[in-house]
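Some notes on the structure that comes next.
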């Protein structure tokens, strides 16, 4: 019911305003952790109410609104196993997050990881982002080209369907490989750490985590990552879609 109300309000507004967000397939958005609650020991996504339990992370100013800062040693957020909306993506999927690195990375640091062998989005110690699905390691990693800088916001995204797997950095496609169908899974989802074991913690801020049950196009992804025009620091959402989401969460 909440998801239906969210989509209805957004679609009505888009029809009235003629917004470019009409290109976004909002009925395929299955989870969106904005972290704008800004307090407490858990965070619910605003589409289906999927709860992520937070361990030792700090609430801070994010890319848009609030976010979670992780210490790179022990803090993380965890979505438990057996969440129905996250079990199966036969038609493809998209994973997005805004990140800011604020500390050293050992071997690599997990941004968002579904327990092996499903999918992972992470940053290596050479400051290159990488991603994979279905436990496809070795030469099957999607490795970015942009060397990420500390204290700088980047939007990371992984898209996957039967046609292609793609890695994007701040809306620009940086790697592409042959497509696959994502294997079904009921495993936990980790934000800021590996979920198979207590390693590979992320040292920095993670914001605006979204999961879609289709592979967004480049244009759609560039629309989805927008949350307003940032000033010197983080800002509140100002574009039409982000404003509506923010109002519904109140």
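The values are calculated or read from the model by the stated rules, or taken from the named source; none is laboratory data. Nothing here was measured: the structure is a model prediction, and the numbers come from that model. Cβ placement follows ideal geometry from the backbone for every residue including glycine, while neighbour counts extend to all protein chains displayed.
Out of all the residues in region 151-171, is one or more surrounded by fewer than 22 Cβ atoms within 10 Å (Cβ to Cβ), modelled with pLDDT of 95 or more, over 18 Å from the mean Cα position of the chain (by Cα) and outside any loop (DSSP other than H, G, I, E, B)?
yes
Being at pLDDT below 85, closer than 25 Å to residue 50 by Cα and surrounded by 15 or more Cβ atoms within 10 Å (Cβ to Cβ) narrows it down to one of 210, 240, so name that one.
240
Go through region 78-91 and give me each residue that's closer than 20 Å to residue 208 by Cα and buried (at least 22 other Cβ atoms within 10 Å of the Cβ).
79, 86
Of all residues in region 1-18, count the ones that are surrounded by 17 or more Cβ atoms within 10 Å (Cβ to Cβ) and either at pLDDT 95 or above or over 20 Å from residue 211 (Cα atoms) (or both).
1
Among the candidates 63, 44, which residue alone is touching a strand residue (DSSP E or B) at 6+ places or on another chain (Cβ under 7 Å), farther than 18 Å from residue 144 by Cβ and without any contact (Cβ under 8 Å) to a residue 12 or more places away in the chain? Can you show your working first?
Details: 63 fails: without any contact (Cβ under 8 Å) to a residue 12 or more places away in the chain.
44 is the lone residue from the list that is touching a strand residue (DSSP E or B) at 6+ places or on another chain (Cβ under 7 Å), farther than 18 Å from residue 144 by Cβ and without any contact (Cβ under 8 Å) to a residue 12 or more places away in the chain.
Just need a number here: residues in region 213-232 that are modelled with pLDDT of 95 or more and either buried (at least 21 other Cβ atoms within 10 Å of the Cβ) or under 15 Å from the mean Cα position of the chain (by Cα) (or both).
10
Going by the conditions given, is residue 145 over 30 Å from residue 80 (Cβ atoms), touching a strand residue (DSSP E or B) at 6+ places or on another chain (Cβ under 8 Å), modelled with pLDDT of 95 or more and surrounded by 14 or more Cβ atoms within 10 Å (Cβ to Cβ)?
no
Just the residues that are within 14 Å of residue 191 (Cβ to Cβ) and either in contact with a helix residue (DSSP H, G or I) (Cβ under 7 Å, 6 or more places away or on another chain) or not in a strand (DSSP E or B) (or both), please, taken from region 42-54. Talk me through it step by step, then tell me what you get.
Residues of region 42-54 within 14 Å of residue 191 (Cβ to Cβ): 42-45, 50-54.
Scanning region 42-54 gives 45, 50.
Are there any pairs, at least 6 apart or on different chains, whose C-beta atoms fall under 8 Å, with the first in region 188-214 and on the phi < 0 side of the Ramachandran plot and without any contact (Cβ under 8 Å) to a residue 40 or more places away in the chain and the second assigned to a loop (DSSP other than H, G, I, E, B) and surrounded by 24 or more Cβ atoms within 10 Å (Cβ to Cβ), and if so, which?
What qualifies is 199/193.
Filter region 134-147 for residues that are part of a loop (DSSP other than H, G, I, E, B) and under 25 Å from residue 115 (Cα atoms) and give the result.
Correct list: 134, 135, 136, 137, 141, 144.
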